[in-house]
Amino acid sequence: MTSDFLKYQAQTTPHPLAMEISHATGSFIYDAKNKAYLDFVAGVSACSLGHSHPKVVNAIKEQLDKYMHVMVYGEYIQKPAVELVKLLAKKLPESLEKTYLTNSGTEAVEGALKLAKRATGRSEIIAANKGYHGNTLGSMSVMGFEERKQAFRPLLPDVKFIEFNSEKDLPQITEKTACIILETIQGGAGFIEPKNDYLHKVRQRCNETGTLLILDEIQPGIGRTGKLFGFEHYNCIPDILVTGKALGGGMPIGAFTASSKLMDLLMDNPKLGHITTFGGHPVISASALATLKEITESDLMEQALEKEKLIRKLLIHPLIKEIRGKGLMLAIITDSAEIANALILNSQDQGLILFWLLFELKAVRITPPLTISNDEIIKGCSVIIGVLNSIQQ
């Protein structure tokens, strides 16, 4: 299987982890030899209810028995999609009332950027250095990391970059700016939170200039930070909200949400302003609806903040310089990329799954399922401390 994987399936790096998966349930993933791995990554923040959550699995099975894909997006009334976007609207501020469902986060970013240009008639886009919003060409254009972009230029024109958390850069948002796109918490950069009411100040500048604010909640959204959406912590409501990852409950999904006034611009002049074949797929929508209900009707978000405290209490070590993030969106910051690599790889040998961040090479991701137990957290953190002790020796 490994040789076929490497020969026939396109790879993203020269050295994939190449663990052959047998099955996964709860907080554990099992390899082909039935070795259990405690999952501190959750499919890179995607599997917030863990693996094979019974409510999600049952929702998928029930929908499979009714129908799967029947028509391109937006034509037929399909109950799972309608109920999903209605529940989202109920849980969001009034100005975020209509949602377009897509197949992935990066597709949702593409739609949000198009909507901002259509609504404002402007072309300039502002993004943040070390920001990440996906890897399709438009999303890559607003990625603030040149090393990952240079081989694919030319990208979208008229894109400018500012520093996240830098108030002195805000005057660069002007009447020429269609939108500014920011992650609510910068992910690939090292789980950087906004400081000093930064997002509120961005919001105020956008109001002054008629610029639309797009907040990318693909990673911090859907309960991971202790709120349903990260922006709820930071006194800021976006014009366009982008979600993905955890919304699908382990299935592929993305979404962008705005006011009806904005979203209706995609219906006409031109018609079919944004189209997709599989967006709003009924099986995936059923999975997402079950996931969103479980997260909003349970105490998992409150638990996330308590579990954060437990992790911070347990992960004290000379090789840990800092723990960044909020809720169960956390990153260990070490002294070097070498230490981070050793921690990730040696922990996997010990049955614990950790992972890297995109741009901050000294960081180690801790984004377990929201359903992870305190005992599992204690077990995983014990592995981390043990591995760090072995590295320190």
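Derivation of every value follows stated rules applied to the coordinates shown; laboratory data play no part. Worth saying up front: this structure is predicted, and the values here are computed from it rather than measured. Note: ideal-geometry Cβ built from the backbone for every residue, glycine included; neighbour counts use all protein chains shown.
Filtered by the rule that a residue be among the hydroxyl-bearing types (S, T, Y), crowded, with 23+ Cβ neighbours inside 10 Å and either farther than 15 Å from C236 by Cα or in contact with a Lys or Arg (Cβ under 8 Å, 6 or more places away or on another chain) (or both), region 161-187 gives a lone residue, T177. Taking region 15-48, which residues are aliphatic (A, V, I, L, M), under 21 Å from L370 (Cβ atoms) and in a loop (DSSP other than H, G, I, E, B)? Scanning region 15-48 gives V41, A46.
Within the option set I332, I284, being farther than 23 Å from T243 by Cβ, buried (at least 23 other Cβ atoms within 10 Å of the Cβ) and of a type outside the set (D, E, K, R) holds for one residue only, I332.
A count restricted to region 43-92 and to residues that are farther than 13 Å from G280 by Cβ, surrounded by fewer than 13 Cβ atoms within 10 Å (Cβ to Cβ), among the aliphatic types (A, V, I, L, M) and without any contact (Cβ under 8 Å) to a residue 40 or more places away in the chain stands at 0.
Consider region 196-216 and keep the residues that are among the hydrophobic types (A, V, I, L, M, F, W, C) and touching a residue at least 60 places away in the same chain (Cβ under 8 Å). The one that is nearest to N135 (Cα to Cα) is I214. Which of the residues belonging to region 162-195 are farther than 17 Å from L241 by Cβ, free of Cβ contacts under 8 Å to residues at least 60 places away in the same chain and either in contact with an Asp or Glu (Cβ under 7 Å, 6 or more places away or on another chain) or acidic (D, E) (or both)? Passing the criteria: I162, E163, E167, D169, E175, K176, T177. Annotation: of all residues in region 194-246 being of a type in the set (A, V, I, L, M, F, W, C) and part of a strand (DSSP E or B), the one that is surrounded by the fewest Cβ atoms within 10 Å (Cβ to Cβ) is L213.
Of all the numbered requirements in (1) buried (at least 20 other Cβ atoms within 10 Å of the Cβ); (2) among the charged types (D, E, K, R); (3) within 23 Å of L266 (Cα to Cα), K130 misses one, and that requirement is (3).
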